[in-house]
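Data block below; observations after.
Every number here is computed from the coordinates shown, using simple stated rules; none is lab data. Because the structure is predicted, anything quoted here is derived from the model rather than measured. With ideal geometry, Cβ positions are generated from the backbone for all residues, glycine too; neighbour counts draw on all protein chains shown.
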Amino acid sequence: MIEVVFGVFLLTLLVITAVAVVRTENLFVAVMLMSIFSLLMAANFFILDAADVALTEAAIGAGITTVIFLGALALTAQREKRSPNGRFATLGVISVLAALMIWATFDKPRLGDPDAPVHQHVAPWYLEQTPELMGIPNVVTAVLGSFRGYDTLGEVFVVFAACIGVLFVLSAGQGLDRGLFAPDPESEGLRHHLIPKVVGRLLVPFIVLFGLYVQFHGEYGPGGGFQAGAIIATGVILYALLEGEASALNALPRSVLLGMVVGGALLYTGVGVAGMLLGGNFLDYSVLMSDPVIGQQVGIVLIEAGVGITVCGSLLSIFHAFAAREAR
Amino acid sequence: MSLSAQLPALQIVVPLLTAPLVVLLKPRGTAWAATTAASAMAFAIALAIAAGVLSGETYNYAMGSWPAPYGIALGIDAFGSLILLLVTGASTLALLGCRRSLDADIEQQRQPLFYAAWLLALAGLSGIAASADAFNIFVFMEISSLAGYIIVAGGPDRRALPAVFKYLIMGTIGATFYLIGVGLIYMMTGTLNLADMEARLGDVTNLDPVLVAAGFITIGLALKAAIFPLHVWLPNAYTYAPHAVTAFLAACGTKVALYVLLRFDFFVFQGNLAEHDIQFSLFLLPLALLGILIASSVALFETNLKRLLAFSSVAQVGYIMLGASLVTVTGLTAGILHMFNHALAKGGLFLAVAGLALAARGLELRQLGGIARQMPWTFGAFVIAALSLIGIPGTAGFVSKWYLIQATLDHGALGIVAVLVIIAGSLLAVAYVWRIVEAASFGEAAAQPDTGAISPSREAPTVLLAITWLVALLNVYFGVRPEAPVELSRMAAEILLAHLL
């Protein structure tokens, strides 16, 4: 019962936040509201017992996306330009679509209904087979890492594509190695603000440590490469904000970041190809070791590492690309 | 496992694995070489698969060795193999031919990123064509779309950026609609595998959410496929993209979305939703007819060569949808065959445009004055591909239009209207092609004051010229000997219709 109350409360807040995002013309406010939106969403996922998704939404939606939005906002105007026409047409289209979707949910199985199709078909098989085939308790990791590992590989390449896309578009007209991407030596971050500096410095190591925990504990509890990569990137971005971008780039130069982006994607694909070479199908981890269960575990640990490395490298590359543009 | 059993996975893994490596290739030309090699290898794999399909094989592959529906399955039938041929072939020929053109458009330091994105687009489009899983199709749609935005943004004109932004917004809306539809079906069936969806939908008693899902998926993919009137992103994206990218994407980009639309509709919805074939026809047939007429008319008044050809592409999507919306074997055969033939014609045209652009001052028709005299060979190939676009007998375009007319004539009064529209569309094509030929042959060369210093003959680079002529001659070859593509299209049409009750 208490969950229903919480759920209704959070969803109401979600609607209010969404309306506020649409209504506001101040883009800074909109970005902040979007961050709140993601946090509410994460809380919702948590109530629905989807801890893995909640962690991802909190780390990426509320954390990294906000930073990147702010980076982009620093390059454009603060306020939205009012578009004179098309407002009512947009409203009409959105209303029709919303009505259709609400109508479609009238025949939706009740929330949490054990007889719903989604709980009757493939899900029981996953729950039953995971301990036997992989010997790990987190079924979500098993599904994402192995049963549907090909989709996860695809998502890693989506992140990879986003990263090279940002680098490609923002480098237009300039050389990659010089000019545009050189950090402003004057930038000192928040070094002169005592309280953020002291508190932030304390936080950074713990954030990175927590990221590593999420990375390597993904087989046993909520977590995995995507969340870990985002959390570690958050830690480094906090460091960049406190100490200035140049210090962050000294610690992790651009070439290293690009190497991470490439290396993680190659590691994941390489594990898949290794499965092929050892006589299985692509992304078949069972053949990696003589014991298929151990093989599955090794495969999942390796590909999760690949995911984490690529996500962390990509997010930091994107952050630096925006930040460098801002410094000019 | 034998190599031939691994072909479906290799089709995607080869470009996917090469993409990150290409980012690291800094020395001049190496990124292009690696990309071309990977693309050529993908083309060879696609040819092997097509040969296998023609001899009666179907390719199924279980990713990670997990059986469907628990794991992700790939499944390549005649339709998929035809699309794979188009995607890999267009990519390979555009890369081989357009090296100079791409060097002119994109700075040396940015080339590794560009070629990595090209390979991702190739891998994404191939992944869509090979997949038998609804969510997996979405994932690879994301890869191909993102990579597509990147390579279009490589255009030398600053106007490429707003064009890409529009493309990105529309493409994202399309993908989101598709995902909403897949989510609704998953809610009702608990599965993501297409074949499994079809089977399990039979047991679903309340089909209202599935009907909504069909609507969302159809509209989302229609956006991606630039079906009139959802084509607004296409003309500028094609116009301001680098010429090689236009040749690649114009030949196969929208076709992959059409492929998913037809496959999803026939595999999942046609057999399970009552009277879905009639709804499908009623929705798409008018759009197809309007698209042919209006887009061709707009092309008639367009002054930029690439925009003109882009609007012609929107009209050609209309022909494909016209064939498909008849929901008969002949209609679908004609539509699918037209995908192949239009890819040949439009690919050849845009390759020739890449050659013309290297010498012309701009691609406005008035800037092309006298170009046919300066580049007779390049322009000759352009004209042959244009004849195929119109549908002159002896070219590939004629074969599919002939099939299309035969298919529509089975439908009484409606068929007569459709035939009239096809003929009107072809006449409009004659007119807009003539405008280009007229400008290029008889236009005043005086528009180019600096030509005096340069020798009168300035053909496109030899490699590009050879590739353009190869594609132009393929248009003629498949006009005279259309057996292989017709056979693949007929097999594809029968596979689709086998899902109808």
Relative pair counts by distance (%), Cα atoms of the protein assembly as shown, 20 Å bins: 15, 48, 32, 4, 0
Taking A:Thr12, B:Thr176 and counting other C-beta atoms within 10 Å, the order from fewest to most: A:Thr12, B:Thr176
Potential lengthening between B:Asp203 and B:Leu290 on full extension [0.36 nm per residue; Cα-Cα distance subtracted]: 27.5 nm
For B:Phe283, net neighbour charge (Lys/Arg +1, Asp/Glu -1) across residues whose Cβ lies under 15 Å away: -3
Straight-distance crosslink candidates among aspartates and glutamates, where the alpha carbon sits under 20 Å from B:Lys401 and sequence neighbours closer than 8 are dropped: B:Asp410, B:Glu483, B:Glu487, B:Glu494
Farthest positive-ward along the protein assembly as shown dipole, Cα basis, beta-carbon charges - from B:Gly29, B:Ser91, B:Ala257: B:Gly29
Helix B:483-497 axis, angle to chain B major axis (alpha carbon atoms, nearest 10°): 30 degrees
Violating pairs (Cα-Cα greater than 18 angstrom) within the set B:Lys255/B:Lys346; B:Lys224/B:Lys306; B:Lys306/B:Lys346: B:Lys224/B:Lys306
Built amide H within the under 5 Å cut-off of B:Tyr59, gap 5+: B:Ile76
Furthest towards positive pole of dipole, A:Ile94, A:Gly63, A:Ala50, structure part the stretch A:1-108, Cβ charges: A:Ile94
Overall form of the stretch B:4-63 per C-alpha gyration tensor (a/c, 1.5; a/b vs b/c): oblate
At most 10 other Cβ within 10 Å, DSSP loop - trypsin sites (Lys or Arg not before Pro), the stretch B:262-368: none
Spatial separation of Cα centroids for the stretch B:299-356 and the stretch B:226-252, in angstrom: 11 Å
Reciprocal of mean inverse Cα separation for the stretch A:1-108 (Kirkwood radius, Å): 15.8 Å
Length added when fully stretched, B:Glu487-B:Ala413, from 0.36 nm per residue minus Cα-Cα: 23.7 nm
Inter-label distance for B:Glu275 and A:Phe28, nm, one decimal - labels placed 7 Å from Cα along Cα-to-Cβ: 5.8 nm
Separation of alpha-carbon centers, the stretch A:1-20 and the stretch B:412-439, rounded to whole Å: 56 Å
Inter-label distance, nm, simple model (7 Å from Cα along the C-beta direction), A:Asp115/B:Arg366: 7.4 nm
Using alpha-carbon coordinates, inclination of helix B:160-189 to the longest axis of chain B, degrees: 10 degrees
Gained length - B:Val430 relative to B:Leu47, 0.36 nm times residue gap less alpha-carbon distance: 134.5 nm
Environment charge of A:Val236, counting only residues whose C-beta is closer than 14 Å and scoring Lys/Arg +1, Asp/Glu -1: 0
Lys/Arg +1, Asp/Glu -1 at C-beta; the protein assembly as shown dipole; positive extreme among A:Ala323, B:Ala357, A:Val204: B:Ala357
Cα-centre dipole for the stretch B:286-501 with unit charges at Cβ (Lys and Arg positive, Asp and Glu negative), debye to 20: 240 debye
Chain B: angle of helix B:208-225 to the longest principal axis, Cα-based, in degrees nearest 10: 10 degrees
For B:Ser144, B:Ser400, B:Ser441, order by how many other beta-carbon atoms lie within 10 Å, fewest first: B:Ser441, B:Ser144, B:Ser400
Between the stretch A:237-268 and the stretch A:276-328, the Cα center-to-center distance that results, in Å: 17 Å
Proxy reagent accessibility, fewest Cβ within 10 Å first, across B:Lys255, A:Lys81: A:Lys81, B:Lys255
Spin-label model distance (nm) - A:Ser290 vs A:Ser83, 7 Å beyond Cα toward Cβ: 6.4 nm
Chain A: DSSP helices with Cα axial extent of at least 24 Å and average Kyte-Doolittle hydropathy no lower than 0.0: A:2-23, A:27-47, A:87-105, A:149-170, A:194-216, A:225-243, A:254-277, A:292-327
Gaussian network model of chain A, Cα within-10 Å springs - most flexible of A:Ile64, A:Ile231, A:Ile16: A:Ile16
Whether chain A is rounded, prolate or oblate, judged on the alpha carbon gyration tensor where a/c under 1.5 counts as rounded: oblate
Computed magnitude of the charge dipole of the protein assembly as shown (debye, nearest 20; Cβ of K, R +1, Cβ of D, E -1): 2620 debye
Sum of side-chain charges, B:Leu300 neighbourhood, beta-carbon under 15 Å (Lys, Arg +1; Asp, Glu -1): 0
Total charge dipole magnitude, chain B, about the Cα centre, Cβ charges on Lys, Arg, Asp, Glu only, Debye to nearest 20: 1400 debye
Partners for A:Lys81 among aspartates and glutamates (Cα-Cα distance below 16 Å; same-chain residues under 8 apart left out): A:Glu25
Candidate aspartates and glutamates - alpha carbon under 15 Å from B:Lys26, same-chain residues fewer than 8 apart omitted: A:Asp177, B:Asp103, B:Glu107
